[in-house]
Amino acid sequence: RRMDDNSTAGTGGLGEVAGGVGRGKLRADWEQAFRTASAVTRLTVLPVLRASHIVPWRSSDGAQRLDPMNGLLLSANIDALFDRYMITFRPDGKLEISKSITHRDLESLWPIQVLPRKPCDMLSAYFRLHNAESDRLYQERLHHV
């Protein structure tokens, strides 16, 4: 689940309450870290910004789920692309875009920018995990084409 997902599927009891409090704090942390703007587009319309895990919630262990380094603040359209591994960030913060995104689509997404500052070691480690999954899915797609 994404941080902004208010559903309770797959959660329950005290963990749900504690997790909800933790997720709210994470979003606040990410809003502060990214100055309440999308890390990629710099959009500042908070209702459409998503607190997005780098290593997805469903794939994270308990520590990763609440680790403030495992996330970005992204506009909804960029979050959807990131969630589907159609964009990713290299450990140095440079944006990598899937070849499945056309030049025309890319133009409609502008301005897409690199991260505002070079990622720290912990953030880079999460990007490496995201990149590995992105690369794995790309190879899988090649076998189906």
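The values are calculated or read from the model by the stated rules, or taken from the named source; none is laboratory data. Just so it is clear, the structure is predicted and the values come from calculations on it, not from any experiment. Positions of Cβ are backbone-derived with ideal geometry, glycine not excepted, and every protein chain shown enters the neighbour counts. Heavy atoms of the whole protein, side chains included, go into the accessibility calculation; ligands, DNA and RNA do not. Shrake-Rupley method; radii C 1.70, N 1.55, O 1.52, S 1.80 Å.
Table for the structure above
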read-out: 3J(HN,Hα) from dihedral phi, the stretch 27-44, Karplus parametrisation 6.51/-1.76/1.60, rounded to Hz, x for glycine, proline; value: 4, 4, 4, 5, 4, 5, 4, 9, 6, 6, 9, 4, 4, 10, 9, 6, 4, 10
read-out: Carbon and sulfur %, accessible surface of the stretch 82-143 computed with the full protein complex present, 1.4 Å; value: 56 percent
read-out: J(HN,Hα) series, the stretch 117-122, from Karplus relation 6.51 cos²θ - 1.76 cosθ + 1.60, nearest Hz, glycine and proline x; value: 8, 4, x, 6, 4, 5
read-out: Probe 1.4 Å, protein heavy atoms only - accessible area per residue of the stretch 40-145 in square angstrom; value: 57 Å²
read-out: Radius ratio Rg over Rh of the stretch 17-99, counting only Cα atoms, Kirkwood formula for Rh; value: 0.95
read-out: Amide H partners (placed H, <5 Å) of residue 71, local residues excluded; value: 54
read-out: Approximate spin-label separation residue 98-residue 44, in nm, with each point projected 7 Å along Cα-to-Cβ; value: 3.2 nm
read-out: Long-range amide H partners of residue 40 with built H, under 5 Å; value: 75
read-out: Within the stretch 25-70, trypsin sites (Lys or Arg not before Pro) in DSSP loop having at most 11 other beta-carbon neighbours inside 10 Å; value: 35
